[in-house]
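Undergrad: Got a structure for you, questions after.
Each value in this text was obtained by applying a stated rule to the coordinates, not by laboratory testing. Everything numeric here is computed off the predicted structure, so don't read it as measured data. Note: ideal-geometry Cβ built from the backbone for every residue, glycine included; neighbour counts use all protein chains shown.
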Amino acid sequence: MTGMRMFAAVAAVATVALSAGTGLAAGKIVISNWDGYMPADMAERFKAATGIDMEVSLHATNEEIMGKVVAGGGKGYDVLFVSSPFAEALHQLGLAAAIDHAQIPNLANLYPEANELEYDPGNTFQVPYAWGTTGLCYRSDLVEGTPDSWASLLSPPDALKGKITMLATDRWLMAAGMLNRGYSVNETDQAKIDEVKADLIAAKKSLLAYDDTTFYSKLVSGEAVLVHAWDGWCNYGIAENDKIKYVIPKEGTDLWVDTMVIPEASENKAEAHAFINFVLGQETGQWVAENIMYKVPNKAAMDGLDAGYLASFPNIAIPPADLLKGEQLRDLGAAQKAYTKAVSEITASQ
Amino acid sequence: MPDASRWLRAHLWLVYAFLYLPILVLMGLSFNRGGMPTAWTGFSTAWYGKLIASPQIVSSAVNTLIVAAVSTAIATALGTLLALGVERRRQSNALDALLFAPMIIPDIVLAISLLSFYTLLGFSLGLHSIILSHVVFNIAFVCAIVRTRLKHFDYSVVEASIDLGASEFTTFRRVTLPMIWPGVLAGAMLAFTLSVDEFIIAFFTAGPGESSTTLPMRIYAMIRFGVTPEINAMATIVMLFSFTLVLASQRIGKGVVTGS
Amino acid sequence: MLRGVRDFRRAGRGSNMTPRLRSWLLMLPGIGWLTVFMIVPCLIVFFYSFFERGVYGGIDYIFGFQNFERAGEPVYRTIFLLSARIALEATVIAVLLAYPAAYAISRAPKERQTRYLLLVMLPFWSNYLIRTYAWIVLLNRAGLINRGLAGMGVIDEPLPILYNEFAVVTGLVYNYLPFVILAIYASIQRMDPALREASEDLGASGWTTFRRVTLPMTLPGVAAGAVFVFVLSIGNFITPDLLGGGRLQMVGNLIYDQFLSARDWPFGAALSLILILIMTLLLFAQAMAVNRARGEGRRADA
C-alpha cells in the first residue's frame with residue numbers, strides 16, 4: 001500500500017533526523033553568536049591552529065540567547081557572545097564559568113583599559129570582544145548643520161520630523177533620554193525614569209520608526225535622515241554613501257561591550273578557553289575591525305589597521321581613553337522591570 | 001448562476017493577486033545584483049549560486065522540511081483521531097478548552113515552558129525536540145479543521161459498515177477517511193505551513209549547533225544586515241521545494257484514499 | 001435512529017466496541033501528547049506567576065498575587081484593548097475576503113480544487129519575516145505601491161501606509177488569510193449540493209439560498225477561520241514590530257518583552273494566564289453564538 005510506504009519513508013527520515021540531532025563528538029565546541037560577527041572561515045582556521053572542531057549557532061538578539069540559557073542552563077553551549085549587561089546577569093545567576101587567565105595568554109593583546117571594565121574588573125567571567133559607542137548617524141547632505149546633541153534626536157527641527165529613527169532595544173532607547181537629561185544610563189530612580197519616559201513619548205511623534213537593524217539602509221535610501229545608531233552599524237551606511245557621518249552627542253554616550261562568556265554548564269571548558277585565546281589573536285581582531293567595521297579592545301589588532309581605512313571610518317579610530325569616558329551599561333537588577341514597563345508605555349502611546 | 005460565478009472567480013483571482021504581490025517582490029529582489037532592497041541595480045543569479053554553495057543554509061533548509069514533514073504527519077494523524085473521538089461525544093467545555101489551548105497560549109510561553117520541561121527531565125535537545133514541540137500546536141489546528149468537517153457528518157454510513165461486518169480499521173480506511181479527506185488534507189496543509197515558518201519554539205527547543213538549526217532560525221539571525229537578495233533567494237527555493245514536496249505527497253495520498 | 005436499538009451480539013458485526021470506548025481510544029494519543037507536552041510544561045511556568053522576579057532575573061519564591069495586580073494597570077489594559085481591536089479588524093477583513101474565495105474554489109471542477117488550495121498556501125511556505133520585509137518594500141514612502149499610484153497620477157504626496165496601524169492590519173490579514181480560506185473550504189465542501197439545488201428548485205433566489213441554507217451550514221468553518229486569525233493576530237509580535245515600526249505595542253510584544261527583555265517570567269506568566277482566560281471565554285461565547293446561529297438556520301429550512 002503506497003500509504004504505508006510513504007509512512008515508512010517518513011519514519012526513516014525521522015530516524016536519521018533524530019540521530020543527527022543528538023550528541024557531539026569530543027573535542028568540539030559550540031559557539032552562539034550574531035550572524036556575520038566572526039570571520040566566515042573561523043572554523044577552518046581554528047581547527048588548523050588547534051585541532052578543535054567548532055559549530056556556530058546563531059542568535060539574533062541578546063534577549064533571545066539569554067532566555068534560552070536561563071531556561072536551559074546553557075547546556076550544550078561552550079562560548080556565548082553577549083553584551084556586557086547580559087554577561088553580568090549570567091554571572092549573577094551563576095550561569096557563567098570563571099575565566100582561567102592561564103589558558104588565555106593572548107589576554108596580553110588587550111588594551112589595559114579593557115582589563116579594568118567596570119562590570120567585570122580583571123575579566124573574571126567574560127572576555128571583551130568588541131566595543132563602541134552609541135550616537136547619531138546622519139546624512140550630511142540632507143541635514144543642515146551638524147546635529148551635536150541628543151536633543152536633535154528627541155526634539156528635532158520641523159524639517160527632520162518623520163525622518164528620524166531611534167533604537168528599539170530598551171537600554172539604548174532609554175539611554176538616549178537619560179543622557180539628554182544628564183542622568184546616568186544605569187539610572188534606577190523611578191521619578192527620573194518617568195521624566196525620561198515622558199520625553200520619549202513626546203519624541204515618538206517625530207519618529208518614523210524604532211529600528212535596530214535596518215536604520216542604516218533607511219539612511220542610504222533617504223527614507224530617514226537622522227538615526228540613533230551604534231557606531232559600527234553607522235559604518236555600514238558610510239560604506240554605501242560617504243555623505244553619511246557619525247557623531248557622538250555632546251552630552252555623552254555609553255560604552256557598550258560585546259563579550260565572550262563560557263557557560264558554567266559547558267563540558268568543554270578547556271577547548272572554550274582555547275577558542276577565546278584564538279579570537280584574541282592579532283589576526284582575528286584585525287579581521288573583525290576590517291570586515292565588520294567595529295572597534296576591538298585588541299591593541300595588537302587595532303595597531304595593525306591601515307591609516308586610510310581609519311580615515312574613511314573615523315569612529316573606528318576613537319582611542320580607548322575616549323571610549324572610557326562613556327558610561328558602561330550595567331545590569332539594572334530589580335529596576336529592569338521599570339525600564340521594560342517604561343518602554344511598553346512609550347511604544348503603546350498613540 | 002452565471003453572474004455570481006463570474007464575480008466569484010474575479011474575486012478569487014484578486015485574492016491570488018493580493019497573496020502573490022509580496023512574493024513577486026521577494027522573488028524579484030532575489031535577482032537584484034546589488035544587495036539593498038531599495039534600488040534595482042541589474043539582473044543577476046549570483047545570489048542563488050552563493051546559496052547553493054553555502055552548506056549551512058542548505059542544511060538548515062533540509063532541517064526545516066524534515067521537521068515540518070514529520071511533525072505534520074504525526075499531528076495530522078493524532079489530530080484527526082482526536083477530532084473523530086471528540087465529535088462523537090456530548091459537547092464538553094473542558095475538552096474544547098484543551099483543544100484550543102495550544103492556539104491560545106502565546107508561543108513564547110510554550111517555547112520557554114517546553115525548554116524548561118526538557119531541561120528538568122534532562123532530555124537531550126535536537127531536531128527531535130523541535131518536532132515534538134511543533135506537534136503540540138499542529139494537533140490543535142488539524143483537530144479544529146477536521147471537526148468542522150465532522151459537524152454534520154452522517155454516522156449512519158459508518159454504523160452500516162460495521163453492521164455489515166467490516167472491522168473498525170477497514171471502516172475507517174474505506175468509509176470514514178474518504179468522507180473527511182478534504183478536511184484532513186486542509187488540516188495537514190495548515191500544519192505544514194505553520195511548522196515551516198515557526199521560529200520561536202524552534203529556537204528555544206532546538207539543540208545547540210548547526211545540526212538542529214532550522215531555516216527560520218537562520219533567517220532571523222541573518223536579518224541583522226537587512227534582507228539581502230541571498231535571503232530572498234533562500235525563501236524562494238524553500239517555497240518551491242515545499243510545493244514540490246506537497247504535490248508529490250498529495251499524489252501519494254490520493255493512492256491511500258482510493259486504495260490504488 | 002440506529003443508536004437506540006442496537007443489539008451488540010448480532011452476528012456478523014465487525015466490531016463490538018461501544019461508542020464511548022471507541023471515542024476514548026481515538027482521543028487518547030492526542031490528549032496524551034497535549035498533556036505531556038503542553039499542560040505539564042505550561043503548569044511549570046504558570047506556577048511562577050505567583051512568585052516574584054529575582055534581582056537578576058531568576059525567581060524569588062515569595063508567594064503573592066502582585067503580578068496579577070500589576071497586570072491590571074492602565075498601560076496593560078490599553079495594550080490588551082488595542083490588540084483586541086486590531087485582531088478584530090484583521091479577522092473581519094480576512095473573513096470577508098476568504099469566504100468568496102473559498103466558495104469559488106469549492107465550485108471549481110473537482111480535480112482543480114486541490115491545485116487552487118495549494119496555490120493559496122504556496123506563498124506561505126516562503127518565510128514570515130521575508131514576506132513582511134517584502135511588504136515594507138511595497139508600502140514604504142518610496143515603495144512600489146506609492147510609486148505606482150504616483151505614476152498613475154492618483155496621488156501627489158506619498159501615502160503614509162507604513163509604520164502604522166494600517167500596515168499592521170494589512171500584514172495580519174495577509175499572513176492569516178490562507179488559514180481562513182482553508183477552514184471555510186473544509187466546511188463548504190461537506191455540504192450536500194442537493195440541499196442547495198432543492199432550495200433553488202423550490203423557488204428561492206440565489207441570495208436567499210445562500211443566506212438561509214449555505215451560510216448557516218458553513219458557519220462552523222467561518223467560525224474556525226475567524227478564531228484562527230483572531231488568536232494568531234493577538235499573539236503576533238513580529239508584524240507590529242516590523243510593519244508597525246515598533247510604534248504599536250500588542251499583547252504578543254508585551255509578553256515577549258516580559259520573558260526576554262525584562263527577564264520577568266512571573267509577570268509574563270501572569271499576563272499569559274490572563275490572556276488565555278480572556279481568550280477561552282471569548283471562544284466559548286463564539287461557540288455558543290455559532291451553535292445558536294446554526295440552530296436557527298436549521299429551523300428555517302425544516
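Undergrad: Could you give me D for the stretch B:1-82, from Stokes-Einstein at 4 °C and 1.567 mPa s, where the hydrodynamic radius is the Kirkwood radius over C-alpha pairs? Units µm² s⁻¹, please.
TA: D, rounded to a whole number, is 77 µm²/s.
Undergrad: Could you name the lysines whose alpha carbon sits less than 23 Å from that of residue A:47, not counting residues in the same chain fewer than 8 places away?
TA: A:28, A:75, A:269
Undergrad: Here's a follow-up. Compare the peptides B:165-178, C:147-160, C:34-47 by average per-residue count of other Cβ atoms within 10 angstrom and give them in order, highest first.
TA: Per-residue Cβ counts within 10 Å, averaged per peptide and sorted highest first, yield C:34-47, B:165-178, C:147-160.
Undergrad: Continuing with the same structure: So how long is each side of the stretch B:56-258 along the principal axes, counting just the alpha-carbon atoms, biggest first, in Å?
TA: Here the Cα extents, ordered largest to smallest, are 63, 38, 26 Å.
Undergrad: Right, something else. Per-residue Cβ counts within 10 Å, from other chains only, averaged over B:144-156: what number is that?
TA: What the average comes to for B:144-156 is 6.
Undergrad: Dipole of chain B (Lys/Arg Cβ +1, Asp/Glu Cβ -1, origin at the Cα centre): which of B:228, B:27, B:195 lies farthest to the positive side?
TA: The one lying farthest along the dipole's positive direction is B:27.
Undergrad: Binning at 20 Å from 0, report for chain A what percent of all alpha-carbon pair distances ends up in each bin.
TA: 28, 53, 17, 2
Undergrad: Can you give the mean number of other chain Cβ atoms that lie within 10 Å of the Cβ atoms in peptide B:231-241? Please list the in-between numbers first.
TA: On the way: counts 4, 5, 0, 3, 10, 3, 1, 4, 8, 3, 1.
The per-residue average across the peptide is 4.
Undergrad: On to the next question. Once amide H atoms are built 1.01 Å from N in the peptide plane, which residues 5 or more positions from residue C:54, or in another chain, come under 5 Å H to H?
TA: C:59, C:60
Undergrad: Let me ask you something else. Give me the angle, in degrees from 0 to 90, between the Cα long axis of helix A:190-204 and the longest principal axis of the Cα atoms of chain A, rounded to the nearest 10.
TA: Roughly 80 degrees between the two axes.
Undergrad: So the label point goes 7 Å from the Cα of residue A:116 along Cα→C-beta, right? Which residues of the stretch A:303-322 then have their backbone N under 12 Å from it?
TA: Answer for the stretch A:303-322: A:321.
Undergrad: Something else now. Run through the DSSP bridge list for the protein assembly as shown and note the antiparallel percent, rounded to the nearest 5.
TA: Of the beta bridges lying entirely in the protein assembly as shown, close to 60 percent run antiparallel.
Undergrad: From the convex hull of the Cα coordinates of the stretch C:73-301, what is the mean projected area in square nanometres?
TA: Working: hull surface 64.2 nm².
Quarter of the Cα hull surface area: 16.1 nm².
Undergrad: Now for a separate question. Rounded to whole Å, give me the distance from the Cα center of the stretch A:84-159 to that of the stretch B:1-72.
TA: If you average the Cα positions of each part, the centres end up 39 Å apart.
Undergrad: Determine the sum of side-chain charges near residue A:75: Lys and Arg each +1, Asp and Glu each -1, restricted to other residues whose C-beta is under 11 angstrom from that of residue A:75.
TA: Numbers: positive: A:68; negative: A:78, A:264, A:267.
Once positives and negatives cancel, what remains is -2.
Undergrad: A further question follows. Grab the beta carbon distance between residue C:291 and residue B:4, set R0 = 22 Å, and tell me the FRET efficiency rounded to 0.05.
TA: 0.15
Undergrad: Right, here's the next one. Where does each of C:226-232, A:177-183 land if you order them by average Cβ count within 10 Å, highest first?
TA: In descending order of packing, they fall as C:226-232, A:177-183.
Undergrad: Under a cut-off of 13 Å between alpha-carbon atoms, report the aspartates and glutamates in cross-link reach of residue A:197, not counting same-chain residues fewer than 8 places apart.
TA: The reachable aspartates and glutamates, counting only those whose Cα sits under 13 Å from residue A:197, are A:170, A:187, A:189, A:345.
Undergrad: Quick check: residue separation of residue A:334 and residue A:108 times 0.36 nm, minus the Cα distance between them. What number comes out in nm? Show your work: numbers first, answer last.
TA: Details: separation 226, 0.36 × 226 = 81.36 nm, distance 3.56 nm.
Contour length minus Cα-Cα distance gives 77.8 nm.
Undergrad: Let me ask something additional. Relative to the longest principal Cα axis of chain A, at what angle does helix A:269-279 sit, 0 to 90 degrees, rounded to 10?
TA: Computed tilt is about 50 degrees.
Undergrad: If you take the charge dipole of the stretch C:73-301 about its Cα centre, with +1 on Lys and Arg Cβ and -1 on Asp and Glu Cβ, which of C:271, C:208, C:129 is farthest toward its positive end?
TA: Of the options given, the answer is C:208.
Undergrad: What ³J(HN,Hα) values, in whole Hz, does the Karplus curve 6.51 cos²θ - 1.76 cosθ + 1.60 give for the stretch C:131-141 when θ = phi - 60°, with x put for Gly and Pro?
TA: Taking θ as phi minus 60°, the curve returns 4, 5, 5, 5, 5, 4, 4, 6, 9, 6, 3 Hz for the stretch C:131-141.
Undergrad: Describe numerically, in nm with one decimal, the distance between label points set 7 Å from Cα along Cα→Cβ at residue A:195 and at residue C:142.
TA: Here the answer is 4.0 nm between the modelled labels.
Undergrad: Another question about this same structure. What are the residues whose amide H is under 5 Å from the amide H of residue A:57, where those residues sit 5 or more places off or on another chain and H is modelled from the backbone?
TA: For residue A:57, whose amide H was placed from the backbone, the distant partners under 5 Å are A:31, A:32, A:33, B:209.
Undergrad: Per-residue counts of other Cβ atoms within 10 Å, averaged by peptide: what ranking do you get for B:43-53, A:194-204, highest first? Numbers along the way, then the final one.
TA: Working: B:43-53: 14.3, A:194-204: 18.4.
Ranking, from highest mean packing down: A:194-204, B:43-53.
Undergrad: Are there cysteines in the protein assembly as shown with no second cysteine's Cβ under 4.7 Å away, and if so, which?
TA: Cys with no partner Cβ under 4.7 Å: B:143, C:42.
Undergrad: Could you work out the mean projected area of the convex hull around the alpha carbons of the protein assembly as shown, in square nanometres to one decimal?
TA: Result: 39.3 nm².
Undergrad: What does the charge dipole of chain A about its Cα centre add up to, to the nearest 20 debye, if the Cβ of each Lys and Arg holds +1 and the Cβ of each Asp and Glu holds -1?
TA: Charge dipole of chain A: 740 debye, to the nearest 20.
Undergrad: A follow-up question, please. Dipole of the protein assembly as shown, Cα-centred, from +1 at each Lys and Arg C-beta and -1 at each Asp and Glu C-beta, to the nearest 20 debye? Display every interim value, and only then the final one.
TA: Numbers: 70 positive and 75 negative charges, 982 e Å.
Computed about the Cα centre, the dipole is about 4720 debye.
Undergrad: Let me ask something additional. Sequence neighbours fewer than 8 away in the same chain don't count; with that in mind, list the lysines whose C-alpha is under 22 Å from residue A:299.
TA: Partners found: A:325.
Undergrad: Right, here's the next one. If R₀ is 51 angstrom, what is the calculated FRET efficiency for the pair residue B:175 and residue B:52, using the beta carbon separation as r and rounding to 0.05? Please report the intermediate quantities before stating the final value.
TA: Values: r = 47 Å, r/R0 = 0.92.
Computed FRET efficiency for residue B:175 and residue B:52: 0.60.
Undergrad: While we're looking at this one, here's another question. So what's the gap between the Cα centers of the stretch B:144-215 and the stretch A:170-209, to the nearest angstrom?
TA: After rounding, the separation between the Cα centres reads 51 Å.
Undergrad: Between residue C:278 and residue C:69, what is the spin-label point distance in nm, taking each point 7 Å from the Cα along the Cα→C-beta axis?
TA: Taking the two extended label points, one gets 2.1 nm.
Undergrad: In whole Hz and in residue order, list the ³J(HN,Hα) couplings for the stretch C:171-179 that follow from phi through the Karplus curve 6.51 cos²θ - 1.76 cosθ + 1.60, θ = phi - 60°; x for Gly and Pro.
TA: Listing the rounded values in order: x, 5, 4, 4, 6, 10, 3, x, 5 Hz.
Undergrad: Which value at 222 nm does the protein assembly as shown reach when only helices count, each DSSP H run of 4 or more adding -39,500 (n - 2.57), with the total divided by all residues and rounded to the nearest 500 deg cm²/dmol?
TA: -19000 deg cm²/dmol
Undergrad: Taking every residue in C:259-271, how many Cβ atoms of other protein chains lie within 10 Å of its Cβ, on average?
TA: 6
Undergrad: I would also like to ask the following. Could you list which residues have their amide H under 5 Å from that of residue A:132, counting only those 5 or more apart in sequence or on another chain, with H placed in the peptide plane?
TA: Here A:256 satisfy the definition.
Undergrad: In addition: Have a look at C:180, C:103, C:57 and report the one farthest towards the positive end of the charge dipole of chain C, computed about the Cα centre with Cβ charges (Lys/Arg +1, Asp/Glu -1).
TA: The Cα lying farthest towards the positive end belongs to C:103.
Undergrad: Still on this structure: Which part of the stretch B:97-139 falls in the paramagnetic zone of residue B:89, meaning amide N under 17 Å from the point 7 Å along Cα-to-beta-carbon?
TA: B:97-102
Undergrad: Computed FRET efficiency, Cβ-Cβ of residue C:201 and residue C:149, R0 56 Å: what is it to the nearest 0.05?
TA: Working: r = 48 Å, r/R0 = 0.86.
The value I calculate is 0.70.
Undergrad: Further question: Using the Cβ atoms and a cut-off under 15 Å, what net charge is assigned to the surroundings of residue A:327, where Lys and Arg are +1 and Asp and Glu are -1?
TA: -3
Undergrad: If you don't mind, there's one more thing I want to ask. In chain B, which whole DSSP H runs stretch at least 24 Å along their own axis (Cα) and average 1.0 or higher on the Kyte-Doolittle scale? Please report the intermediate quantities before stating the final value.
TA: Working: long enough: B:2-29 (40 Å, 1.03); B:55-87 (47 Å, 1.45); B:127-150 (33 Å, 1.53); B:177-196 (27 Å, 1.69); B:229-258 (44 Å, 1.05).
Helices meeting the criterion: B:2-29, B:55-87, B:127-150, B:177-196, B:229-258.
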